[in-house]
1. What is the sum of charges around Glu239, taking Lys and Arg as +1, Asp and Glu as -1, for the other residues whose C-beta is under 10 Å from the C-beta of Glu239?
2. Work the Kirkwood hydrodynamic radius out for the chain: mean of 1/r over every pair of different alpha-carbon atoms, inverted, in Å.
3. Which log10 I(q)/I(0) values, to two decimals, does the range 90-154 give at q = 0.13, 0.27, 0.28 Å⁻¹ under the Debye formula with one point per Cα?
4. Using 0.36 nm times the number of residues separating Arg68 and Lys240, minus their current alpha carbon distance, what extension gain do you get?
5. For His65, enumerate residues with amide H under 5 Å from its amide H, sequence gap 5+ or separate chain, H modeled in the peptide plane.
6. Per residue, how much accessible surface does the chain expose to a 1.4 Å probe? Answer in Å², no decimals.
7. For the chain, what % of the accessible area comes from carbon and sulfur atoms, probe 1.4 Å?
8. Treating the angle as unsigned and between 0 and 90°, give the value, to the nearest 10°, between the Cα long axis of helix 213-228 and the longest Cα principal axis of the chain.
Amino acid sequence: AKELGKNRFYFFNPVLDNMAIERLKLHNDLFEALDNNEFFLLFQPKISATDNSLAGVEVLLRWRHPKRGILTPDTFIGIAEQNGLILRITHWVLEESCKALKQWQRIGWDGIFAAVNVTAVDINDTYFIRDLLDLFSEYNLNPDLLELELTERIIVESSTDNIETIKSLCDAGIKIAIDDFGTGYSTFTYLQSFQVDTIKIDKSFIDEIEFNAKTAVIVKTMTELGHALGMKVVIEGVEKEGQVQLLKRMKCDIFQGYYFDKPMTAGALVAKYFVRDQI
Ligand code: C2E
Ligand code: CA
Ligand code: CA
Ligand code: CA
């Protein structure tokens, strides 16, 4: 079947609309992407609101597609979740993140931590925790250098088994961040079940914060809730000076956004934040 090439679904399913065809092509290409080394990572700095120091980085995946150029995860993570490849992709991201952390330790850069995005499929996988802990021992890294970013949706839709998995992750010393906090679900039930380290307030709020007094109240209240529960509050998608000023007054802890930095290569990160601090 391989000789038929990557367009085989196109010929056999002429009624598919263009979007479905695109997805099928990407589905086929994804199988080769890992073997052909087409993935790479970028790192986006998280900046401390109090002193502008580097508080950590979010690891962001990119796919250098042979024909389409560089693709962001929104175009392919959903497909990878459906065809199961996400497990191998997440493993790859976690291992490359360990390599980066190890490399930074080697040059004398300690205390920098990395946050990796994981999906419901990953959390559902029986071997996820074991695999993760194996990586830490293989690379001789402390689990508290890594934070897992889980969307609020994953947690709210999770079975009790998944909540148990998340608890075990916490027990192993791995930090948990709730991504896209405040979007779509308004339940705080899960916040009672395990210790969440960080909430990341979604960019959609930040976009509005200067123009809508209600949005500002919501963000301020979410921040107070986070602090009262012992969590750090990260603001995502900060793009403007005015937002920074407003959010500082609300006592948010950490900023992540284009105002400070776009996602960058490991080399650029080291040059800007490690080398700078050495001088
Ligand atoms: P996310 O977790 O909400 O990540 C933040 C996204 O917002 C990133 O997009 C980042 O580049 C972008 N961003 C950061 N600051 C700004 C800003 O100031 N303005 C604007 N307009 N955008 C900003 P990216 O890298 O395209 O990632 C999109 C989504 O893909 C992520 O959303 C995350 O859910 C997912 N993702 C990224 N890397 C991975 C990965 O390794 N594994 C999995 N499973 N998902 C990933
Ligand atoms: Ca994230
Ligand atoms: Ca997010
Ligand atoms: Ca978001």
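1. 0
2. 20.2 Å
3. Taken in order of the listed q values, log10 I(q)/I(0) reads -0.35, -1.27, -1.33.
4. That works out to 58.8 nm of additional length.
5. Ile70, Leu71
6. Result: 51 Å² per residue.
7. 52 percent
8. The angle comes out near 80 degrees.
The values are calculated or read from the model by the stated rules, or taken from the named source; none is laboratory data. Remember, predicted model here, so these are calculated numbers, not experimental data. Here Cβ is always computed from backbone atoms with ideal geometry, including for glycine, and neighbour counts include all displayed protein chains. Surface accessibility is based on the protein's heavy atoms, side chains included, excluding ligands, DNA and RNA. Shrake-Rupley method; radii C 1.70, N 1.55, O 1.52, S 1.80 Å.
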